[in-house]
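**Student:** Can you read through this structure? Questions will come right after.
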Amino acid sequence: MNDFKELRVYQLSLKCFIQTVSDMKKLYRNDVSRIISNQVLRSVSSISANIAEGYGRKKGKEYIHFLYIARGSTTESIDWYEKIKLLNYIHIEDYNQQIDNFEHIRAMLTKMINKLSD
């Protein structure tokens with residue numbers, strides 16, 4: 001692989017980011033939704049950013065470190081989507097799709113971390 005953009009996990013994380021931007025545009029605008037939107041966008045955007053940064057460093061433990069951060073951001077994103085669902089800020093279909101994607105990303109990152117740790 002010559003570039004991080006070829007990684008399937010990176011591509012899926014970008015897809016999640018684009019969907020999150022769309023989801024956040026649909027929120028009713030109030031102080032709470034603005035704060036939540038900001039936090040959600042930060043956590044979701046951190047997934048692909050850390051995959052890219054880790055790939056760029058491409059040095060064993062450093063790469064793994066950034067994959068761990070990406071996995072943490074994925075889990076944080078799941079938490080934010082749970083909150084959005086509880087507040088009825090999102091359609092259940094959109095929620096389910098994003099959660100499925102996040103869980104898939106988290107599993108892919110875990111597999112990469114385990115493989116690189118061997």
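**Student:** Of the conditions (1) assigned to a helix (DSSP H, G or I); (2) of a type outside the set (D, E, K, R); (3) open to solvent by 10 Å² or more (accessible area, probe 1.4 Å); (4) over 23 Å from residue 81 (Cα atoms), residue 45 clears all except one; give me its number.
**Tutor:** Unmet for residue 45, out of (1) assigned to a helix (DSSP H, G or I); (2) of a type outside the set (D, E, K, R); (3) open to solvent by 10 Å² or more (accessible area, probe 1.4 Å); (4) over 23 Å from residue 81 (Cα atoms): (4).
**Student:** While we're on this one: Would it be correct to say that residue 86 is of a type outside the set (S, T, N, Q), more than 12 Å from residue 23 (Cα to Cα), modelled with pLDDT of 95 or more and open to solvent by less than 20 Å² (accessible area, probe 1.4 Å)?
**Tutor:** It is false that residue 86 is of a type outside the set (S, T, N, Q), more than 12 Å from residue 23 (Cα to Cα), modelled with pLDDT of 95 or more and open to solvent by less than 20 Å² (accessible area, probe 1.4 Å).
**Student:** Looking only at the stretch 5-42, filter to residues that are open to solvent by less than 80 Å² (accessible area, probe 1.4 Å) and hydroxyl-bearing (Ser, Thr, Tyr); which one of those is nearest to the chain's Cα centre (by Cα)?
**Tutor:** Going through the qualifying residues, I end up with 13.
**Student:** Only one of 60, 72 is modelled with pLDDT of 95 or more and either open to solvent by 20 Å² or more (accessible area, probe 1.4 Å) or in contact with a Cys (Cβ under 9 Å, 6 or more places away or on another chain) (or both); which?
**Tutor:** 72
The values are calculated or read from the model by the stated rules, or taken from the named source; none is laboratory data. These numbers were taken from a predicted model, which means no experiment stands behind them. Heads up, the Cβs are rebuilt from the backbone with ideal geometry, glycines too, and the neighbour counts pull from every protein chain shown. Accessible surface is based on the protein model in full, side chains and every heavy atom, while ligands, DNA and RNA are left aside. Shrake-Rupley method; radii C 1.70, N 1.55, O 1.52, S 1.80 Å.
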